[in-house]
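**Student:** I'd like to ask some things about the structure below.
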Amino acid sequence: MITMKNIIREGNDTLRAEAKKATFPLSEEQQQLAHDMMEFLENSQDPEIAEKYHLRAGVGLAAPQVDVSLQMAAVLVPSEDGTAPLFKETIVNPVIISHSVQGAALSEGEGCLSVDRDVSGYVVRHDRITLRYYDLEGTQHKIRLKNYPAIVCQHEIDHLHGVLFYDHIDHDHPFTMQDEDLVID
Ligand SMILES: CC(C)(C)[C@H](NC(=O)Nc1cc(F)cc(F)c1)C(=O)N(CC(=O)NO)CC1CCCC1
Ligand SMILES: [Zn+2]
């Protein structure tokens, strides 16, 4: 199983590399990695397992974060009421093919499983995106996401291109946004 010691941190070059596009069919190893990444997110959101293995509650994990430079990320956004997750998917070779002009940022800013420090400031992203990606079988999907699931997917897609959340913060004006941009709680 993946635990925090498998997650690479700032300073590891893999986090800043352009990840390689996957080709289908995925190898057994790549399919196993996808499973392990989603299992990590599920474990991390289970209070008992998270406490036992000292996991940070995660909603997304990209392959480069476990030192595999491949365009694949697991996303697991839980619902507020603990029923079916808002979004659960392993996205392979994801591309944002269109997006809203309107921006959005989480009111508390962002963190990252690979960043062991607080970096404050709004991370302004697209409020709505149309995302094209492939699933583990190689089937192409085209979906529209908004608000928190859209933020998480943009954060994970950034990792596939060597971008970290704080690259988006304007350190001179960390809490300034355009008038029409949304703040998501
Ligand atoms: C960095 C960390 C604080 C661990 C963050 N967790 C998180 O947002 N937890 C969370 C939120 C919920 F709404 C419900 C819940 F069950 C758990 C996270 O996983 N990420 C993913 C990451 O680092 N991927 O590389 C950072 C988020 C910042 C904005 C989007 C993803
Ligand atoms: Zn991250």
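**Student:** Filtering region 92-131 down to residues that are β-branched (Val, Ile, Thr) and within 16 Å of ligand 2 (Cβ to nearest atom), which residue is nearest to Asn6 (Cα to Cα)?
**Tutor:** Val115
**Student:** Still on this model: Check Tyr122 against each of (1) surrounded by 15 or more Cβ atoms within 10 Å (Cβ to Cβ); (2) outside any loop (DSSP other than H, G, I, E, B) and name the one condition it does not meet.
**Tutor:** Condition not satisfied by Tyr122: (2).
**Student:** Pull out all pairs, ordered by first then second residue, where Cβ-Cβ is under 8 Å, the residues are six or more apart or on different chains, the first lies in region 144-169 and is within 17 Å of Lys21 (Cα to Cα), and the second is part of a helix (DSSP H, G or I) and more than 10 Å from ligand 2 (Cβ to nearest atom).
**Tutor:** Every condition considered, the pairs that remain are Asp158/Asp167; Leu160/Ala63; Gly162/Arg16.
**Student:** If the Cβ limit is 7 Å and pairs must be 6+ apart or interchain, which residue in region 102-115 that is modelled with pLDDT of 95 or more pairs with which residue that is among the polar types (S, T, N, Q) and part of a strand (DSSP E or B)?
**Tutor:** Nothing qualifies.
**Student:** What pairs can you find where one residue is in region 65-91 and more than 23 Å from Thr3 (Cβ to Cβ) and within 12 Å of ligand 1 (Cβ to nearest atom), the other is at pLDDT below 95 and part of a strand (DSSP E or B), and their Cβ atoms are less than 6 Å apart, with a gap of 6+ or different chains?
**Tutor:** none
**Student:** Is it the case that Ile184 is within 16 Å of Gly121 (Cα to Cα), out of contact with any helix residue (DSSP H, G or I) (no Cβ under 9 Å at 6 or more places or on another chain) and open to solvent by less than 80 Å² (accessible area, probe 1.4 Å)?
**Tutor:** It is false that Ile184 is within 16 Å of Gly121 (Cα to Cα), out of contact with any helix residue (DSSP H, G or I) (no Cβ under 9 Å at 6 or more places or on another chain) and open to solvent by less than 80 Å² (accessible area, probe 1.4 Å).
The values are calculated or read from the model by the stated rules, or taken from the named source; none is laboratory data. The structure displayed is predicted, hence computed values, not measured ones. Here Cβ is always computed from backbone atoms with ideal geometry, including for glycine, and neighbour counts include all displayed protein chains. Side chains are part of the model used for accessible areas, which takes the heavy atoms of the whole protein and leaves out ligands, DNA and RNA. Shrake-Rupley method; radii C 1.70, N 1.55, O 1.52, S 1.80 Å.
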